[in-house]
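The values are calculated or read from the model by the stated rules, or taken from the named source; none is laboratory data. Remember, predicted model here, so these are calculated numbers, not experimental data. Cβ coordinates were reconstructed from backbone atoms using ideal geometry, including for glycine residues, and neighbour counts include every protein chain displayed. SASA here: full protein model, heavy atoms, side chains in, ligands and nucleic acids out. Shrake-Rupley method; radii C 1.70, N 1.55, O 1.52, S 1.80 Å.
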Amino acid sequence: MIITKTREEIELMRESALVVSRTLGMLAKEVKPGVTTNYLDKIAEEFIREEQHAVPGFKGLYDCPSTLLTSVNEAVVHGLPTDIPLKEGDIVAIDCGAVKNEFYGDHAYTFEVGEVAEDIKKLLQVTKESLYIGIRELKVNNRVGDVGYAIQNYCESFGYGVVRELVGHGLGKKLHEDPEMPNYGRRGRGKKFVEGMTVALEPMINMGTHRVSQLKDGWTIVTKDGKPSAHFEHNIAIVDGKPELLSTFGYVYEALGITSDEEQEFRQKELVL
C-alpha cells in the first residue's frame, strides 16, 4: 500500500534528504586515491550525528554494520566499507541514509577517483541522465512501468545493462515502503502514482551484462562479467501532480568545483522536469 504524505511531512522528509545531500557533499572532498572507504564511513557517521543532529539510517538496519554502503568498480550496490585504499581510475558509488524527524533520507552518487577512463565517464553520465529521465515520468496517473521503461530504454540505447534484481522504493518513516520502483518495465503497467507519494529512485546501470551476483559477505552485489557499474539516487515527492526533488546533488557539485555554467546546467536538470 502506498503511504502518502502531507505537505508538512514532505517538508520534514526534505530535511532528512538534505542531511544526506550535505553528507555526500562533504564526502566529495575526501574521495581521492589512497583514501579507504572505512575512513569515509567514519567521517560520514560523525558528520551526520555531530554536525546535523541526525542518525545514520543504514547502520543496524537489517544488521547493516556501516553508515555508508560503498561500491567500488564492479560492485553495483551494498558494498561494505573496507581498509583497501581507493586508487586512481576507480569509481565508488556511495549510498547513504539518515533519519531525522522520524523520516528517512536515502541518496547516492558515484564518484570518480582521480582520472578515470572515458568509457567509465560515459557510463556515469548516462546513468545520471537516466535518473532525471525517470523522474520526469513520476507524476499523477502515470505508473511504475512508465518510469522503468524510460530508464531502461535510455540506458539500453547505449548498450548498457539494467540491473533487474535491485530496485528503487517508496520512502518515509520506513526506509523501504511501497511501491517498488524497478529501472525497467513496460509503459502503462504497475501501480498508479498518486499525489503525496514519496520515493527513492535509483538507476543501477552496468557497462556490460545486467546480470549480478552476491559476494560471500552477504551484502556486496557485483556484476557477473566484472565490468563497472554506476548508481545514482534521488528522493522525490509528487506535489501538485508533478515530481519535486527533496534531495540535491548541488553540495557535491560545489565540493567538486564544477564551473558555474556546468553547475547551472546540472541544476536545470534537477529543477526543470
Members of region 128-137 found to be crowded, with 24+ Cβ neighbours inside 10 Å and in contact with a helix residue (DSSP H, G or I) (Cβ under 6 Å, 6 or more places away or on another chain), listed by number: Ser130, Gly134
Test: residue in region 180-195 that is over 16 Å from Glu137 (Cβ atoms) and touching a Leu at 6+ places or on another chain (Cβ under 7 Å): no
Residue ID - farthest from the chain's Cα centre (by Cα), chosen from residues in region 208-248 that are open to solvent by 10 Å² or more (accessible area, probe 1.4 Å) and acidic (Asp, Glu): Asp240
Options Lys216, Lys227: the member that is outside any strand (DSSP E or B) and without any contact (Cβ under 8 Å) to a residue 24 or more places away in the chain: Lys216
Residue pairs meeting the criteria (Cβ under 7 Å; at least 6 apart or on separate chains; first in contact (Cβ under 8 Å) with a residue 12 or more places away in the chain and within 11 Å of Val147 (Cβ to Cβ), in region 192-205; second of a type in the set (A, V, I, L, M) and open to solvent by 10 Å² or more (accessible area, probe 1.4 Å)): Phe193/Val140
Selection from region 102-122 of residues that are in a strand (DSSP E or B) and not polar (S, T, N, Q): Phe103, Tyr104, Gly105, Asp106, His107, Ala108, Tyr109, Phe111, Glu112
Condition broken by Glu244, with the remaining ones in (1) part of a loop (DSSP other than H, G, I, E, B); (2) more than 24 Å from Glu112 (Cβ to Cβ) satisfied: (1)
